[in-house]
Protein chains: 2
Amino acid sequence: MDTTQRTDQERSADRRRRELLEAADRVVLRDGPGASMNAIAAEAGITKPILYRHFGDKGGLYAALAKRHTDALLEALRAALDAPAERRERVENTLDTYLAAIEARPQVYRFLMHPSEAGTPNDQGFDVGLHSVPLLRRMGEELAEVIEERVDLGPAGQQLARVWGHGIVGMMHAAGDWWLGERPCSRAELVRGLADLLWGRLAAAGDKVGGPGF
Amino acid sequence: MDTTQRTDQERSADRRRRELLEAADRVVLRDGPGASMNAIAAEAGITKPILYRHFGDKGGLYAALAKRHTDALLEALRAALDAPAERRERVENTLDTYLAAIEARPQVYRFLMHPSEAGTPNDQGFDVGLHSVPLLRRMGEELAEVIEERVDLGPAGQQLARVWGHGIVGMMHAAGDWWLGERPCSRAELVRGLADLLWGRLAAAGDKVGGPGF
DNA sequence: CTCACATGTTACTTACGGTAACAGAGTCTG
DNA sequence: CAGACTCTGTTACCGTAAGTAACATGTGAG
């Protein structure tokens with residue numbers, strides 16, 4: 001039948017696609033986000049045009065690659081976010097999950113956060129936003145959803161939840177990036193510090209009086 | 001005299017440098033961060049090697065360009081941060097200053113936040129961190145300093161201040177990026193929402209009981 | 001057998017970062 | 001005044017990487 005054959009072919013194509021993505025993964029992990037299409041093709045044991053037939057262009061390959069990791073991370077985060085525990089504990093677990101992930105595989109998350117020139121040739125002139133890292137956006141939306149369905153924020157709750165979702169994700173990302181670079185403290189300390197920040201300790205803390213020129 | 005002449009030359013070189021940077025600025029504003037060295041040279045009315053003599057490589061030019069804008073923005077932020085007002089008001093003013101800046105010139109901040117491939121050829125294999133956007137880091141450190149010298153956070157205050165500095169800056173950045181892309185609300189509303197988040201409203205809010213499956 | 005099609009290759013074009021080598025103008029020194 | 005130095009500028013080139021065109025080969029269907 002036509003159908004079965006098409007399915008066979010599609011199955012084969014899908015398998016091939018996965019193989020290619022795994023090869024790309026290895027190369028990106030080894031060479032960083034600047035990995036060339038040639039290198040990826042070589043790693044997969046084939047040549048460039050095949051990659052282009054499967055993924056269109058470099059951006060397509062990178063998008064597919066990013067989706068895999070993003071999905072995996074989001075699933076882990078969802079689990080931490082949905083666990084049955086107090087809010088503070090859930091927040092800390094989520095932060096810790098994220099940080100553990102970027103700690104375990106820094107190159108992957110460097111790639112996800114900085115897709116670099118993926119689309120350099122075209123796309124000139126558009127505003128900030130679209131180019132921006134898809135992982136951050138997706139995490140922000142995801143978190144916003146959880147906040148909105150769990151926390152009572154009054155009438156404008158939905159909008160506020162989105163603001164917070166993106167804000168918190170950005171906080172986590174920037175702090176994680178900095179932490180990964182300098183390792184100024186343990187992961188647990190970082191988690192605690194960020195959770196304290198979200199818990200309003202900035203507002204609660206007193207002024208420093210002994211400060212210079214004050 | 002040797003000195004006066006050297007000074008003359010230096011003065012001239014500096015002026016030239018400024019002219020080149022202004023040309024680069026125009027091009028980057030027009031073409032986005034992917035602007036080519038050729039395009040920049042053409043805009044400045046000269047050719048590539050001159051750019052390379054002045055800035056070493058593309059990364060150097062981009063760094064110089066970024067420094068200009070970063071310095072300008074940081075100065076504005078410092079003013080908001082140092083204003084004589086209550087903490088909450090200072091925080092809101094600082095957030096608003098940042099958001100107003102990225103709203104006024106989105107391309108500039110897109111460039112600052114995503115220096116892209118600046119150093120693609122070499123630097124393979126290093127961990128996350130160094131590549132990361134200098135503006136975010138500088139803002140984070142700056143804010144950490146202000147927090148540390150103004151807010152009493154107890155014994156581990158310095159470290160906590162740095163965590164918070166980077167965290168808050170990341171929050172501001174991610175939320176700003178998202179807001180700029182979707183414009184889901186007014187600037188004032190965003191500022192208020194973020195300040196509320198920092199003021200512990202997440203911890204204070206109650207659970208939503210009427211939610212689905214709960 | 002032959003047509004259609006998927007899979008693969010080689011070889012090319014184009015564009016960009018970066019550099020070498022050369023050319024002219026002004027200036028300082030013998 | 002002659003030559004050396006330096007600053008500014010050029011053209012022409014190299015290496016690398018994205019992306020494409022054209023060609024080769026194997027395989028199942030009619």
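The values are calculated or read from the model by the stated rules, or taken from the named source; none is laboratory data. What you see is a predicted model, and the numbers here were worked out from it, not measured in a lab. Note: ideal-geometry Cβ built from the backbone for every residue, glycine included; neighbour counts use all protein chains shown.
Among (1) of a type outside the set (A, V, I, L, M, F, W, C); (2) under 30 Å from B:P106 (Cα atoms); (3) at pLDDT below 95, where does A:R162 come up short?
Unmet condition: (3).
Restricting to region A:20-37, and then to whatever is under 14 Å from A:R53 (Cα atoms) and within 13 Å of DNA strand C (Cβ to nearest atom), can you tell me which residue is surrounded by the fewest Cβ atoms within 10 Å (Cβ to Cβ)? Give the derivation first.
Step one: filter region A:20-37 for residues under 14 Å from A:R53 (Cα atoms), giving A:20-21, A:37.
Checking the rest, the ones that are also within 13 Å of DNA strand C (Cβ to nearest atom) come to A:20, A:37.
Working: A:L20: 23, A:M37: 18.
Checking each candidate, the answer is A:M37.
Please specify each residue of region B:41-65 satisfying the condition of being among the hydrophobic types (A, V, I, L, M, F, W, C), surrounded by fewer than 19 Cβ atoms within 10 Å (Cβ to Cβ) and more than 10 Å from DNA strand C (Cβ to nearest atom). Can you show your working first?
Our first condition is that a residue be among the hydrophobic types (A, V, I, L, M, F, W, C); within region B:41-65, this holds for B:41-42, B:44, B:46, B:50-51, B:55, B:61, B:63-65.
Right, trim to surrounded by fewer than 19 Cβ atoms within 10 Å (Cβ to Cβ) and you get B:42, B:46, B:50, B:63-64.
Matches in region B:41-65: B:A42, B:I46, B:A63, B:A64.
Just give me the residues in region A:1-32 being within 14 Å of chain B (Cβ to nearest Cβ), within 12 Å of DNA strand D (Cβ to nearest atom) and modelled with pLDDT of 90 or more, in sequence order.
Initial filter on region A:1-32 (within 14 Å of chain B (Cβ to nearest Cβ)): A:26-32.
This time we only want the ones that are within 12 Å of DNA strand D (Cβ to nearest atom), so: A:27-28, A:31-32.
Within region A:1-32, A:V27, A:V28 qualify.
Restrict the check to region B:61-82 and report whether at least one residue is within 24 Å of the chain's Cα centre (by Cα), part of a loop (DSSP other than H, G, I, E, B) and either away from DNA strand D (no atom under 16 Å from the Cβ) or outside the structural domain of B:W179 (by TED's automatic domain parsing) (or both). Break it down into steps so the answer makes sense when it comes.
Kept after step one, since they are within 24 Å of the chain's Cα centre (by Cα), are these residues of region B:61-82: B:61-82.
Still in the running and part of a loop (DSSP other than H, G, I, E, B): none.
Within region B:61-82, not a single residue is within 24 Å of the chain's Cα centre (by Cα), part of a loop (DSSP other than H, G, I, E, B) and either away from DNA strand D (no atom under 16 Å from the Cβ) or outside the structural domain of B:W179 (by TED's automatic domain parsing) (or both).
The conditions are (1) assigned to a helix (DSSP H, G or I); (2) under 16 Å from B:L198 (Cβ atoms), and A:Q158 fails exactly one of them. Which is it?
(2)
Looking at region A:183-211, which of its residues are modelled with pLDDT under 95, facing chain B (nearest Cβ under 7 Å) and either under 13 Å from A:V91 (Cβ atoms) or out of contact with any strand residue (DSSP E or B) (no Cβ under 8 Å at 6 or more places or on another chain) (or both)?
Of everything in region A:183-211, those that are modelled with pLDDT under 95, facing chain B (nearest Cβ under 7 Å) and either under 13 Å from A:V91 (Cβ atoms) or out of contact with any strand residue (DSSP E or B) (no Cβ under 8 Å at 6 or more places or on another chain) (or both) turn out to be A:A203, A:G211.
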